[in-house]
Structure formats: structure tokens, C-alpha cells
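The structure under discussion appears below in the form of C-alpha cells.
The values are calculated or read from the model by the stated rules, or taken from the named source; none is laboratory data. Computed from a predicted structure; not experimentally measured. Using ideal geometry, Cβ is built from the backbone for each residue, glycine included, and neighbour counts are taken over all protein chains shown. Areas reflect the complete protein model, heavy atoms only, side chains present, ligands, DNA and RNA absent. Shrake-Rupley method; radii C 1.70, N 1.55, O 1.52, S 1.80 Å.
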Amino acid sequence: MNGKQPQSVLSRREYKPEIIIFPTAEEVDAHVAEQIISQIQVKSNSVFTFPTGSTPEGMYKLLVEAHKTSHISFRNIVIFNLDEYWPIRRGHPSSYYWYMKHHFINHIDVQLTNWHIADGEASDPSEEAEKFEKLLLQNDVDVAILGVGPGTTCHIGFNEKGSAVDSRTRYNTLDRQTRIANAKYFSNPDEIPQGAITQGVADILRAKRIFLIAKGESKAWGINRIINGAVGPDAPASFLRYHHAVTFILDKEAANLLH
Ligand code: PGA
């Protein structure tokens with residue numbers, strides 16, 4: 001344990017993140033999956049923050065394959081998801097609860113009691129956020145895997161523009177660009193919720209090691225902004241530069257505008 005509070009008093013020292021660029025998206029998936037498997041081999045009860053979205057689908061597929069073919073066990077790991085829409089039914093095919101079950105949880109040997117995702121069905125999202133964070137803070141997160149928002153959003157989790165470096169798990173309204181990008185995952189695009197419960201920036205920065213994955217052209221502007229622009233709330237992912245152990249794992253397209 002490293003204390004019950006997120007490290008809101010960060011040194012504010014900026015670090016140069018490690019950047020790894022692969023020619024293809026498949027190589028990105030393979031590299032991230034390898035990092036996770038190595039972590040579990042070193043510490044079987046590792047605590048992870050895991051993302052959802054289209055970016056990590058390949059990673060989950062490879063982890064499931066590794067479980068089936070190489071008998072990698074996830075039995076003792078602990079998973080905290082980054083975020084969940086609110087309100088949303090757990091059984092809704094676009095909920096992140098359903099995503100995790102479908103892409104990962106149903107196919108591996110993780111203990112369900114070790115998997116934590118905010119409840120999109122909770123009657124009060126603030127209470128639910130508080131409950132989730134209480135549990136999160138009782139754990140030291142070994143590795144956080146993150147995606148990044150599309151276009152100019154530069155979000156991590158659903159920490160949209162304006163999110164502070166010391167933001168905590170909370171209900172947050174989705175950015176317009178995020179709603180447009182994610183509406184495609186809903187059979188009726190108008191059904192996309194207005195908001196979500198998300199780990200805060202400070203919660204994410206508590207992880208000992210952070211990997212951010214980005215694939216495709218739609219991430220190129222944001223990746224360059226996050227790595228080369230000023231650190232600040234207009235690009236919440238830029239706060240990752242306050243963490244000493246962050247690696248950006250990119251495909252060629254996502255790295256296209258990096259200079
Ligand atoms: P995506 O979403 O993987 O579907 O692009 C990532 C995110 O919004 O963080």
C-alpha cells in the first residue's frame with residue numbers, strides 16, 4: 001500500500017515518456033499483451049487498470065489466446081476498469097461491463113470478485129464513484145493500460161478537457177467529440193449516455209507503470225499534442241508527463257504527426 005489518498009501533491013516534475021512505434025497495429029497489440037503477461041509472471045496477484053474501446057480489443061484477444069494455448073493464468077490478478085457509461089444497463093451491449101465480459105472476463109480464469117467496474121445502473125453516480133474509488137485506493141495499481149480519446153479530445157478514461165491533474169473518480173459529462181466518436185457503438189446513436197463514471201487523472205497517475213496505446217490516424221493529432229504541447233487540462237493525457245514510468249506504444253499512423 002502506498003497510502004489511502006491519490007498522490008494529489010505531485011512533484012510536477014516533467015519526465016520524457018518512452019515512445020515505441022511499431023509498423024502495424026497487430027505489433028502494438030502483441031507488445032502490450034507481452035507486457036501484461038510478463039507482469040503476471042513476475043507477480044501473479046498484480047493489480048491492473050484496464051481500458052475498453054476499440055484500441056484494446058486485439059490485446060484482449062491475445063491475452064485470451066495466451067490463456068487457452070499457453071495456460072497463462074489470470075486467477076490472482078485484480079482488475080479495475082477505467083470507466084463506465086452512466087446511466088447504462090449492465091446487459092446493454094454497449095456497456096463497458098458487457099464489453100469486458102465479452103472480450104475478456106468470460107474467457108479467462110479471473111475471479112469475479114477481483115474485477116471492479118463502476119456500476120452504470122447505480123442510482124447515484126457520485127455515490128458509486130466514491131465507492132469505486134474507496135476500493136481502488138485500498139490497492140496499489142501495478143500497471144495501468146490506457147487508450148486515448150479521438151481527435152482533439154486527448155482524454156484518458158473519460159477525463160475530458162478541463163479535467164484537473166488532481167481529479168478523482170467521479171461522474172463526468174462526455175465531450176461532444178467523444179459522443180460523436182462513440183455513438184457508433186450504439187445501435188441507436190441517440191442512446192449514448194451524456195456522461196460516465198471515470199477514474200480521475202490522479203487515480204490513473206497512482207499506477208506504478210503506465211502504458212498508453214494508440215493506433216490509427218484519428219489519434220495522430222492528439223498524440224503529438226500530448227507529447228509535444230504544454231502539460232495542461234486542455235489535453236488531460238498530457239498529465240502523464242508528470243509520471244516517471246510512462247510508455248506510449250503507437251502504430252505508425254498514430255505516430256505520424258510526432259516531430
Ligand atoms: P477507442 O477509444 O479505443 O475506441 O479509440 C479510446 C478512448 O476513447 O479512450
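Some observations on this one:
- Subset of segment 38-94 [aromatic (F, W, Y), without any contact (Cβ under 8 Å) to a residue 60 or more places away in the chain and within 16 Å of the ligand (Cβ to nearest atom)]: Y60
- Conditions (1) outside any strand (DSSP E or B); (2) more than 13 Å from the ligand (Cβ to nearest atom); number of the one not met by I197: (1)
- N172 meets each of the listed conditions (1) free of Cβ contacts under 8 Å to residues at least 40 places away in the same chain; (2) assigned to a helix (DSSP H, G or I); (3) within 20 Å of F50 (Cβ to Cβ) apart from (2).
- Among the criteria (1) of a type outside the set (F, W, Y); (2) surrounded by fewer than 19 Cβ atoms within 10 Å (Cβ to Cβ); (3) away from the ligand (no atom under 16 Å from the Cβ), the one T173 does not fulfil is (3).
- Under the condition of being touching a helix residue (DSSP H, G or I) at 6+ places or on another chain (Cβ under 6 Å) and of a type in the set (D, E, K, R), the residues counted in segment 94-127 number 1.
- Pairs where the first residue, in segment 214-237, is over 20 Å from D251 (Cα atoms) and the second is of a type in the set (V, I, T), C-beta under 7 Å, 6+ apart: A235/I226; P236/I156; P236/V201
Conditions tested, residue by residue: (1) open to solvent by 40 Å² or more (accessible area, probe 1.4 Å); (2) in a loop (DSSP other than H, G, I, E, B); (3) closer than 20 Å to N139 by Cβ.
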site	(1), (2), (3)
E14	yes, yes, no
I21	yes, no, no
Q39	yes, no, yes
F48	no, no, yes
T55	no, yes, no
A66	no, no, no
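- Looking across segment 27-37, just one residue is small (G, A, S) and within 16 Å of the ligand (Cβ to nearest atom), and that is A33.
- Considering only residues in segment 200-244 that are β-branched (V, I, T) and more than 14 Å from the ligand (Cβ to nearest atom), the one that is farthest from the chain's Cα centre (by Cα) turns out to be V231.
- Residues of segment 206-238 satisfying the condition of being open to solvent by 10 Å² or more (accessible area, probe 1.4 Å) and outside any loop (DSSP other than H, G, I, E, B): R209, F211, E217, S218, K219, W221, N224, R225, I227, N228
- Of all residues in segment 113-142 being among the small types (G, A, S) and under 19 Å from the mean Cα position of the chain (by Cα), the one that is surrounded by the most Cβ atoms within 10 Å (Cβ to Cβ): A118
Rundown of residues vs (1) among the charged types (D, E, K, R); (2) touching a helix residue (DSSP H, G or I) at 6+ places or on another chain (Cβ under 7 Å); (3) more than 26 Å from H92 (Cα to Cα), yes/no style:
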position	(1), (2), (3)
N139	no, no, yes
V143	no, yes, yes
T153	no, yes, no
L174	no, no, no
G195	no, no, no
I223	no, no, yes
G229	no, yes, yes
D234	yes, no, yes
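- When the residues of segment 143-153 are filtered to those that are open to solvent by less than 10 Å² (accessible area, probe 1.4 Å) and more than 10 Å from the ligand (Cβ to nearest atom), the one that is nearest to the chain's Cα centre (by Cα) is I145.
- Residue match in segment 186-194 (condition: of a type in the set (S, T, Y) and out of contact with any strand residue (DSSP E or B) (no Cβ under 8 Å at 6 or more places or on another chain)): yes
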